[in-house]
Amino acid sequence: MLESMQRLLTGLQPSGALHIGNYLGALKPFADMYGKYESFLMVADYHALTSLRKPDELRQNIREVVRSYVAAGVDPKKATIFQQSRVQEHTELAWIFECLVTVPFLELSHAYKDKLAKGLEANAGLFNYPMLMAADILLYDTDFVPVGADQRQHIEYAREAAAKFNNAYGQTFKEPEGLISDTIATIPGTDGKKMSKSYGNTIPLFGSKDEIAKAVMSIVTDSTGERPENVYAIHALFQTKDKLDSLYAEKKGKYKDLKEALVEDIETLVAPMRAKYDSISDADVLDILKEGSHRAREFASAKMRDVCEKVGVNV
Ligand code: ADP
Ligand code: TRP
C-alpha cells in the first residue's frame with residue numbers, strides 16, 4: 001500500500017509541563033495516526049532554547065515529552081522518537097536555509113510577533129525559528145506534518161524553504177503538507193481562554209489526582225448563566241453530551257458537585273496513562289532517544305551529503 005510508505009514527522013518543544021490541551025490537541029491525534037505512516041517524532045530541544053534558559057528544567061522536560069508520548073500510546077519500536085540536538089544536520093541545514101531567505105520574509109512570522117507580544121526576548125534564535133523547523137521537516141523528505149492550527153504558517157515557511165533551495169540548486173526537497181485538523185477544537189483553560197502553559201490556566205496531564213482537582217476547582221464559574229459554561233466546556237471533552245446534559249440539569253447550581261464529577265471523568269482517562277508514564281524509567285527514556293536519534297541520523301546524514309554536494313561545500 002502506497003500510503004504506508006509516506007512519511008510523517010512532528011515535533012514538540014520541551015518547554016514546560018504538558019497539559020490536557022497538549023494531550024487532546026497533539027499527543028492523542030499523533031498516537032491515533034502514526035501507525036499508518038513511517039513516522040518520526042522529534043523533541044525540539046534546540047527550539048526550546050529560544051525561550052528556556054534553565055538547564056535542569058530543560059533536561060526534565062525532554063524526558064517528560066518522551067514519557068508522555070509513550071504513555072499516550074506511541075510505540076518507540078514503530079515510530080522514530082528522537083532528540084533534535086542529537087542530529088546535528090538540523091542546525092547545519094537551518095543555516096543553509098537562513099542564507100536563502102531574507103529578513104523581511106522572516107519578519108512576516110505571526111508566531112514571532114506573538115511571542116514578542118507575550119514578552120519573550122527578540123533573540124536571533126526566535127527570529128530564525130522557522131528555518132530550523134523547515135530543516136527538521138525537510139531533512140526526512142516528510143510528506144505530512146501533523147500540527148495545531150497555530151503552526152500553519154511554519155509549514156508554509158518549510159515549503160518556501162524547499163522551493164527556494166530547489167530553485168537555486170535543483171530539485172532536492174519535497175514540499176510537505178500540514179495535517180491540521182479542523183475537528184480538534186482549541187481546548188479551553190481554567191479561565192475560559194485557550195489552555196496554555198504560558199497563561200497559567202492549565203490542567204496538568206500527568207499530575208496527581210489532587211493536582212488535577214486543584215486545577216479543576218480553580219475553573220472560573222459565572223453564576224449568572226444557566227450552567228457553569230467553563231466547567232461544561234472542559235467536561236464535554238470527557239463525557240457524552242447526553243450524560244452531561246442530564247448531570248448538569250440534576251446538579252443545577254451545585255458547582256462543587258459538577259467540578260467533582262469532572263475530576264472523576266478526567267481521572268478515568270488519565271489514571272491508566274499515568275501508571276504507564278510512571279513505569280517508564282529515565283534509563284528507558286535514554287534508550288529510546290539513543291536508538292531513535294541513531295535512526296534519524298541515518299536519514300539526515302544521507303540527505304545532508306546531497307545538500308553539501310549541491311551547494312558546493314564538499315571539495
Ligand atoms: P502551549 O500553548 O501550552 O505552550 P504548545 O504551543 O507547546 O502549548 O503546543 C504543543 C502542542 O499542543 C501543539 O501541537 C498545540 O497545537 C497543542 N495545543 C496546545 N494547547 C492546546 C489547546 N489549548 N488546545 C488544543 N491543542 C493545544
Ligand atoms: N514549532 C512547533 C510547536 O511549537 C514544534 C516543532 C519544531 C515542530 N519543529 C517541528 C512541529 C517540526 C512539527 C515539525 O508546536
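The values are calculated or read from the model by the stated rules, or taken from the named source; none is laboratory data. Just so we're clear, the structure is a prediction, and the values are computed from it rather than from any experiment. With ideal geometry, Cβ positions are generated from the backbone for all residues, glycine too; neighbour counts draw on all protein chains shown.
Things to note:
- Test: residue in the stretch 10-32 that is among the acidic types (Asp, Glu) and away from ligand 1 (no atom under 16 Å from the Cβ): no
- Beta carbons closer than 7 Å, at least 6 apart along the sequence or on distinct chains, pair a first residue in the stretch 276-301 that is farther than 23 Å from residue 134 by Cβ and of a type in the set (Ser, Thr, Tyr) with a second that is surrounded by 12 or more Cβ atoms within 10 Å (Cβ to Cβ) and at pLDDT 95 or above for 277/67; 277/68; 277/71.
- Helices (runs of 4 or more DSSP H) contained in the stretch 203-315 and holding at least 2 residues exposed (fewer than 14 other Cβ atoms within 10 Å of the Cβ): 209-217, 241-250, 255-279, 282-311
- Taking the stretch 149-183 as the range and being surrounded by fewer than 20 Cβ atoms within 10 Å (Cβ to Cβ), over 15 Å from the mean Cα position of the chain (by Cα) and not in a helix (DSSP H, G or I) as the test, the residues that pass are 170, 171, 172, 174, 175, 177, 182, 183.
- Residue within the stretch 35-42 that is in contact with a strand residue (DSSP E or B) (Cβ under 9 Å, 6 or more places away or on another chain), crowded, with 17+ Cβ neighbours inside 10 Å and assigned to a helix (DSSP H, G or I) present: no
- Being within 19 Å of residue 145 (Cβ to Cβ) and assigned to a loop (DSSP other than H, G, I, E, B) is a property that does not hold for residue 29.
- For the residues 7, 59, the requirement of being more than 29 Å from residue 234 (Cβ to Cβ), charged (D, E, K, R) and within 13 Å of ligand 2 (Cβ to nearest atom) singles out 7.
- Qualifying residue in the stretch 151-165 (condition: within 11 Å of ligand 1 (Cβ to nearest atom) and out of contact with any helix residue (DSSP H, G or I) (no Cβ under 7 Å at 6 or more places or on another chain)): yes
- Condition met for residue 209 (away from ligand 2 (no atom under 16 Å from the Cβ), touching a residue at least 12 places away in the same chain (Cβ under 8 Å) and of a type in the set (Lys, Arg)): yes
- Flag if residue 78 is more than 16 Å from ligand 2 (Cβ to nearest atom) and closer than 19 Å to residue 299 by Cα: yes
- Among the residues making up the stretch 184-195, those that are within 16 Å of ligand 2 (Cβ to nearest atom) and crowded, with 18+ Cβ neighbours inside 10 Å are 187, 195.
- Beta carbons closer than 6 Å, at least 6 apart along the sequence or on distinct chains, pair a first residue in the stretch 14-34 that is within 18 Å of residue 52 (Cβ to Cβ) with a second that is of a type in the set (Lys, Arg) and near ligand 1 (Cβ under 8 Å from one of its atoms) for 16/197.
- Counting the residues of the stretch 50-74 that are within 20 Å of residue 292 (Cβ to Cβ) and either in contact (Cβ under 8 Å) with a residue 40 or more places away in the chain or in contact with a His (Cβ under 6 Å, 6 or more places away or on another chain) (or both) gives 15.
- Residue within the stretch 97-119 that is more than 26 Å from residue 190 (Cα to Cα), away from ligand 1 (no atom under 12 Å from the Cβ) and surrounded by 21 or more Cβ atoms within 10 Å (Cβ to Cβ) present: yes
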